[in-house]
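Take a look at the structure below.
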Amino acid sequence: MSGPSSYQPSHPALQWFEKRLPLIGLIHSSFIAYPTPRNLNYWWTFGGILSFMLGVQIVTGVILAMHYTPHVDLAFNSVESIVRDVNYGWLLRYLHSNGASMFFIAVYIHMLRGLYYGSYKAPREVLWILGVIIYLLMMATGFMGYVLPWGQMSFWGATVITNLFSAIPYVGESIVTLLWGGYAVGNPTLNRFFSLHYLLPFVIAGVVVLHVWALHVVGQNNPAGVEVKTEKDVVPFTPYATIKDGFGIVCFMIFYAWFVFYIPNYLGDPDNYIPANPGVTPAHIVPEWYYLPFYAILRSIPSKLGGVIAMFSAIIVLAFLPWLDSAKTRSSKYRPLAKQFFWIFVVVCVLLGWLGGKPAEGIYITAGRILTFCYFAYFLIVLPILSRIETPRAVPNSIADDVLAKYGKKAGPMAPVILALVLAGGLVMGGSQNAKAAEGGPTPPSLSWSFAGPFGKFDRGALQRGYKVYKEVCATCHSMNLVHFRNLADPGGPGFSAAQALAVASDIQVKDGPNDAGDMFDRPGRLADKFPAPFPNENAARAANGGAYPPDLSLLAKARNYDRGFPQFIFDFFTQFQEKGPNYIDALLQGYEDAPKDFQLPQGAYYNKYFPGHAIKMPKPISDDQVTYDDGTPQKVENYAKDVATFMMWTAEPHLEARKKLGLQVMIFLIIFAFLMYFTKKKVWADAH
Amino acid sequence: MTTTSSAQHTRRDFLYVATGAVAAVGAAAAVWPLISQMNPDASTIAAGAPIEVDLTPIAEGQDIKVFWRGKPIFISHRTKKQIEDARAVPVSSLPDPQTDQARVKEGHDQWLVVIGICTHLGCIPIAHEGAYDGFFCPCHGSVYDTSGRIRQGPAPSNLPIPPYAFVSDSKIKIG
Ligand code: FES
């Protein structure tokens with residue numbers, strides 16, 4: 001994008017077009033002929049990865065918007081119907097929701113790379129500031145996207161974040177009302193968030209164009225941090241950078257696919273599988289993992305306004321970096337002190353992220369304050385002083401020299417660095433799952449489930465028995481609002497035939513109407529009907545259950561989790577553990593005991609050791625020999641619990657088998673593709689050395 | 001640059017072609033779910049299951065409109081005269097030749113069941129109107145007879161018959 005193009009089209013038609021709109025020339029000079037420093041390492045492929053992720057998010061987002069309904073009464077169910085009914089809807093949603101996390105992982109690496117190699121220094125200040133703007137836009141977009149499914153975390157996250165603005169003196173309250181479009185977070189809020197969530201990615205794309213433009217005017221920085229001097233320092237963008245970025249993207253896709261196909265809900269908060277309820281706040285409001293460091297900074301300042309200012313400053317300070325660090329040497333490779341402080345800073349950020357997921361109490365508050373100080377000290381004290389007192393090592397004369405020097409000693413500390421990053425990332429991401437530590441109680445034992453792991457499938461027998469238990473026991477109080485009778489005959493389900501499912505449906509009477517005469521009437525259930533609630537309305541359900549509302553069970557297995565502790569969640573990432581919900585359901589059903597002597601059991605409650613607080617309103621629902629099993633399985637609570645938990649896991653995710661099956665195919669494909677890309681890259685680069 | 005033998009050339013070309021081919025297969029496969037999501041979803045398909053309609057309340061000379069899969073279905077209880085009119089026309093003179101017998105179920109000649117969507121551009125014709133006492137489409141003036149066959153106007157073919165069957169003498173199942 002810099003200067004007149006060297007592109008000379010050969011075809012007369014192309015020449016004609018080029019004279020009038022030099023678009024092809026622009027593309028040619030930006031992405032084909034563009035000179036790239038030849039010593040770029042793989043940290044530089046994250047720019048390409050980010051472009052790829054932006055594309056994925058926009059494409060999947062545009063499609064999800066075709067099926068989503070931005071209304072408080074319909075949003076939650078519309079997201080569930082995307083996952084359950086739309087062809088490949090589960091895939092598109094998981095690509096999008098996990099894509100946001102991937103986007104942030106890539107942007108953090110991209111930013112830290114810029115920080116380490118001094119990519120913000122002259123003449124790249126504007127390039128850097130445009131990057132900070134993109135980052136801010138990403139944060140706004142990610143936050144608003146998280147609100148759209150309208151679960152508990154969506155609602156309360158929106159409430160908490162918009163309330164930040166109430167800290168502004170005098171006008172704060174009015175600004176919050178303005179943001180909400182009401183007196184509380186409600187339908188107008190959801191509508192505008194949807195509109196903006198759709199709009200902002202295109203704004204991001206626009207600023208990305210500026211970012212890339214600025215990059216192509218000043219040229220890329222490189223690990224040596226010296227400017228390009230001669231032709232020998234560079235290689236043309238295509239094929240060299242293209243193939244290298246392509247290989248990087250494919251490797252990143254493997255990482256991405258790991259999440260999408262095997263642990264799609266690992267990064268999300270289970271509370272978001274509970275529909276938004278303005279009357280009940282979840283025990284801990286935790287933002288998505290990528291905001292946790294800033295959340296920790298917010299909470300560590302003991303003043304409302306101060307916390308908000310600190311949090312925003314933590315991002316804004318990045319924009320001033322080019323002037324805070326005045327060192328002449330760019331790359332920290334040649335700055336022994338700066339290099340150490342950089343890694344300390346990375347550790348500070350990770351620890352802040354971990355703290356952000358912890359409850360704000362006791363030692364965590366003190367630690368948060370110290371780390372917040374360290375965070376700002378890095379920018380405001382360490383870098384300005386270092387740049388004056390540090391004597392850097394000699395930098396190479398040119399990029400070509402740097403490349404030659406590197407040829408002697410192979411393989412840097414790449415592998416341990418990546419491992420450390422993965423562990424650190426696990427720490428931050430796991431942090432958000434850890435937030436419920438304060439609730440206490442014994443951890444439910446982990447059972448072996450047939451659907452666990454990458455090759456897991458539902459045990460048909462268990463599903464059918466589980467359905468029986470649900471129908472005879474649970475269904476007397478609980479509904480399953482998202483499950484249809486036709487689902488019983490779906491592939492991946494309990495394996496009913498269509499006729500059996502229809503028979504089950506026609507056993508019940510469904511309220512329908514009004515008919516032509518204006519009357520409501522009862523008719524036999526159809527395949528398209530949902531599992532009905534046993535009560536005509538919520539109040540009747542409460543009245544029949546001692547005031548407690550029996551929750552809908554369709555999503556119970558996804559909406560329940562418990563603390564697995566550190567460092568368990570890192571192993572969970574590698575073992576693809578996602579059986580928290582079923583373990584919890586199973587444990588809960590077996591956890592009824594007589595209350596210990598010193599335990600004050602509230603009126604009308606029962607003691608259950610696995611229920612948070614140990615006092616549950618639901619009486620022990622099932623005991624031995626209550627449901628008849630025809631297949632010889634022992635009629636014990638233990639088996640009932642396990643079967644019904646299996647059944648609920650299926651109702652929470654009917655496409656689990658399809659997900660794992662497609663995942664395996666995608667993984668095999670990507671690994672083959674990655675190998676091919678790697679060897680192609682080697683061949684292409686062979687003649688550049 | 002070193003001199004490369006032709007054997008190396010073919011090996012390299014093979015690698016390039018293989019990588020490109022795998023990339024192309026991957027791109028094509030990735031597009032599949034992006035397109036497939038546009039098709040009717042599972043709940044729409046389930047809601048399109050057959051429906052039953054009770055014919056008892058429809059008097060002779062009357063017709064009703066029911067919806068199936070989002071389409072209006074006209075059910076007319078035809079009079080003797082309407083049936084005779086429909087059968088008196090020489091089939092060869094019709095733009096879309098079809099006998100009346102072929103458009104109703106045998107033994108149930110009085111019942112005409114058609115999809116009420118004009119075969120011109122999709123408007124809904126009005127029953128009991130037009131020169132043939134059949135259907136008249138107000139959009140561009142197509143006129144259908146009492147058998148739902150096109151007689152005048154721009155529509156190219158007769159009103160289509162939905163799949164249906166008589167469950168009993170007074171009940172049909174559409175779909
Ligand atoms: S749509 Fe009926 S005549 Fe054109």
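The values are calculated or read from the model by the stated rules, or taken from the named source; none is laboratory data. On a predicted model such as this, the values are computed, not experimentally measured, just so you know. Reconstructed Cβ throughout: ideal geometry from the backbone, glycine too, with neighbour counts over all protein chains shown. With ligands, DNA and RNA removed, areas are computed over all heavy atoms of the protein, side chains included. Shrake-Rupley method; radii C 1.70, N 1.55, O 1.52, S 1.80 Å.
Which one is least open to solvent (accessible area, probe 1.4 Å), of the residues in the range A:36-60 that are under 16 Å from the mean Cα position of the chain (by Cα) and aliphatic (A, V, I, L, M)? I'd like the intermediate steps shown before the answer.
Going through the range A:36-60, the residues under 16 Å from the mean Cα position of the chain (by Cα) turn out to be A:50, A:53-54, A:56-58, A:60.
Next, from what is left, pick out any that are aliphatic (A, V, I, L, M): A:50, A:53-54, A:56, A:58.
Details: A:LEU50: 20, A:MET53: 0, A:LEU54: 21, A:VAL56: 26, A:ILE58: 38 Å².
The selected residue is A:MET53.
Only one residue in A:VAL176, A:VAL203 is β-branched (Val, Ile, Thr) and surrounded by 19 or more Cβ atoms within 10 Å (Cβ to Cβ). Which one?
On the way: A:VAL203 fails: surrounded by 19 or more Cβ atoms within 10 Å (Cβ to Cβ).
Matching residue, one of A:VAL176, A:VAL203: A:VAL176.
What is the one condition in (1) in a helix (DSSP H, G or I); (2) touching a helix residue (DSSP H, G or I) at 6+ places or on another chain (Cβ under 6 Å); (3) more than 14 Å from chain B (Cβ to nearest Cβ) that A:PRO612 does not satisfy?
Failed condition: (1).
If you take the residues of the range A:103-136 that are part of a helix (DSSP H, G or I) and among the hydroxyl-bearing types (Ser, Thr, Tyr), which of them is farthest from A:ARG330 (Cα to Cα)? Quick ask: steps written out before the conclusion?
So the first thing to find is which residues in the range A:103-136 are part of a helix (DSSP H, G or I), and the list is A:103-116, A:125-136.
Cutting the leftovers down to among the hydroxyl-bearing types (Ser, Thr, Tyr) gives us A:108, A:116, A:135.
Details: A:TYR108: 19, A:TYR116: 8, A:TYR135: 22 Å.
The residue in question is A:TYR135.
Within the range A:5-102, considering only helices (runs of 4 or more DSSP H) that don't extend past its boundaries, which have at least 1 residues that are out of contact with any Ser or Thr (no Cβ under 9 Å at 6 or more places or on another chain) and more than 14 Å from chain B (Cβ to nearest Cβ)? Walk me through how you get there before you give the answer.
Details: elements: A:12-20, A:23-31, A:45-67, A:75-84.
Filter on the range A:5-102 gives A:12-20, A:23-31, A:45-67.
Residues A:GLY591, A:GLY581: which one is away from chain B (no Cβ under 14 Å), touching a strand residue (DSSP E or B) at 6+ places or on another chain (Cβ under 8 Å) and open to solvent by less than 70 Å² (accessible area, probe 1.4 Å)? Lay out the reasoning, then the answer.
Details: A:GLY581 fails: touching a strand residue (DSSP E or B) at 6+ places or on another chain (Cβ under 8 Å).
Among A:GLY591, A:GLY581, only A:GLY591 is away from chain B (no Cβ under 14 Å), touching a strand residue (DSSP E or B) at 6+ places or on another chain (Cβ under 8 Å) and open to solvent by less than 70 Å² (accessible area, probe 1.4 Å).
Taking the range B:152-169 on its own, how many of its residues are surrounded by fewer than 21 Cβ atoms within 10 Å (Cβ to Cβ) and either touching a Pro at 6+ places or on another chain (Cβ under 7 Å) or over 18 Å from B:VAL66 (Cα atoms) (or both)? Break it down into steps so the answer makes sense when it comes.
Taking the range B:152-169 and keeping what is surrounded by fewer than 21 Cβ atoms within 10 Å (Cβ to Cβ), we get B:152-154, B:156-157, B:160-169.
Pick out the ones that are also either touching a Pro at 6+ places or on another chain (Cβ under 7 Å) or over 18 Å from B:VAL66 (Cα atoms) (or both) and you get B:152-154, B:156-157, B:168-169.
Count: 7.
Which of (1) aliphatic (A, V, I, L, M); (2) within 30 Å of A:HIS96 (Cβ to Cβ); (3) at the interface with another protein chain (Cβ under 10 Å from one of its Cβ atoms); (4) open to solvent by less than 70 Å² (accessible area, probe 1.4 Å) does B:ALA24 not meet, given it meets every other one?
(3)
Tell me, yes or no, whether the range B:162-174 has at least one residue that is without any contact (Cβ under 8 Å) to a residue 24 or more places away in the chain and either touching a helix residue (DSSP H, G or I) at 6+ places or on another chain (Cβ under 8 Å) or near the ligand (Cβ under 10 Å from one of its atoms) (or both).
no
Among the residues of the range A:638-656, is there at least one that is within 14 Å of chain B (Cβ to nearest Cβ), within 28 Å of the chain's Cα centre (by Cα) and farther than 30 Å from B:TYR16 by Cβ? Don't jump to the end; show me each part of the working.
Filtering the range A:638-656 for residues within 14 Å of chain B (Cβ to nearest Cβ) gives A:654-655.
Next, only the ones that are within 28 Å of the chain's Cα centre (by Cα) stay: A:654-655.
Filter once more, so that each one left must be farther than 30 Å from B:TYR16 by Cβ: A:654-655.
Yes: one or more hits.
Against the conditions (1) surrounded by fewer than 20 Cβ atoms within 10 Å (Cβ to Cβ); (2) of a type in the set (D, E, K, R); (3) away from chain B (no Cβ under 12 Å); (4) assigned to a helix (DSSP H, G or I), where does A:LYS682 fall short? Just the number, please.
Here A:LYS682 clears every test but (3).
For the range B:54-63, state whether one or more residues are within 13 Å of chain A (Cβ to nearest Cβ) and either of a type in the set (Phe, Trp, Tyr) or in contact with a Lys or Arg (Cβ under 7 Å, 6 or more places away or on another chain) (or both).
yes
Within the range B:125-145, identify whether any single residue is open to solvent by 50 Å² or more (accessible area, probe 1.4 Å), more than 16 Å from the ligand (Cβ to nearest atom), at pLDDT 95 or above and away from every other protein chain (no Cβ under 14 Å), and answer yes or no.
no
Could you give every pair whose Cβ atoms fall below 8 Å, whose first residue belongs to the range A:566-577 and is under 12 Å from A:TRP258 (Cα atoms), and whose second residue is of a type in the set (Gly, Ala, Ser) and open to solvent by less than 20 Å² (accessible area, probe 1.4 Å), counting only separations of at least 6 or pairs across chains?
Close Cβ pairs satisfying both conditions: A:PHE573/A:GLY426; A:PHE573/A:GLY430; A:THR575/A:GLY453; A:GLN576/A:GLY453.
Suppose we filter the range A:230-265 for residues that are open to solvent by 20 Å² or more (accessible area, probe 1.4 Å) and within 24 Å of the chain's Cα centre (by Cα); how many remain?
Initially, the range A:230-265 is screened for residues open to solvent by 20 Å² or more (accessible area, probe 1.4 Å), giving A:230-232, A:234, A:236-240, A:242-245, A:247, A:249, A:251, A:253-255, A:258, A:265.
Checking which are within 24 Å of the chain's Cα centre (by Cα) leaves us with A:245, A:247, A:249, A:251, A:253-255, A:258, A:265.
Number satisfying all stated conditions: 9.
Can you name the helices (runs of 4 or more DSSP H) wholly within the range A:512-592 that have at least 1 residues being under 27 Å from A:ASN77 (Cβ atoms)?
Details: elements: A:538-544, A:556-559, A:568-575, A:580-590.
Of the helices (runs of 4 or more DSSP H) lying wholly inside the range A:512-592, those with at least 1 residues that are under 27 Å from A:ASN77 (Cβ atoms) span A:538-544, A:556-559, A:580-590.
Any residue at all in the range B:34-51 that's part of a helix (DSSP H, G or I), more than 10 Å from chain A (Cβ to nearest Cβ) and open to solvent by 50 Å² or more (accessible area, probe 1.4 Å)? Steps first, answer last, please.
First pass over the range B:34-51, keeping only residues part of a helix (DSSP H, G or I): B:34-36, B:42-47.
After this cut, where a residue has to be more than 10 Å from chain A (Cβ to nearest Cβ) as well, the list is none.
Within the range B:34-51, not a single residue is part of a helix (DSSP H, G or I), more than 10 Å from chain A (Cβ to nearest Cβ) and open to solvent by 50 Å² or more (accessible area, probe 1.4 Å).
Given the options A:LEU210, A:LEU215, A:LEU298, name the one that is more than 19 Å from the chain's Cα centre (by Cα) and under 27 Å from A:ALA184 (Cβ atoms).
Details: A:LEU210 fails: under 27 Å from A:ALA184 (Cβ atoms); A:LEU215 fails: under 27 Å from A:ALA184 (Cβ atoms).
Result of the check over A:LEU210, A:LEU215, A:LEU298: A:LEU298.
If I ask for residues that are within 26 Å of A:ARG659 (Cβ to Cβ) and modelled with pLDDT under 90, which ones from the range A:578-605 would you list?
If the condition is that a residue be within 26 Å of A:ARG659 (Cβ to Cβ) and modelled with pLDDT under 90, then A:GLN578 is the only one that fits.
Going by the conditions given, is A:PRO654 open to solvent by less than 50 Å² (accessible area, probe 1.4 Å), out of contact with any Ser or Thr (no Cβ under 7 Å at 6 or more places or on another chain) and in a loop (DSSP other than H, G, I, E, B)? Please lay out each step first, then the result.
Working: open to solvent by less than 50 Å² (accessible area, probe 1.4 Å): yes; out of contact with any Ser or Thr (no Cβ under 7 Å at 6 or more places or on another chain): yes; in a loop (DSSP other than H, G, I, E, B): yes.
So A:PRO654 passes the test.
Within the range A:8-31, track down each residue that is under 34 Å from the mean Cα position of the chain (by Cα) and open to solvent by 30 Å² or more (accessible area, probe 1.4 Å). Show your work before the answer.
As a first pass, look at the range A:8-31 and keep what is under 34 Å from the mean Cα position of the chain (by Cα): A:27, A:30-31.
Across the range A:8-31, the qualifying residues are A:ILE27, A:PHE31.
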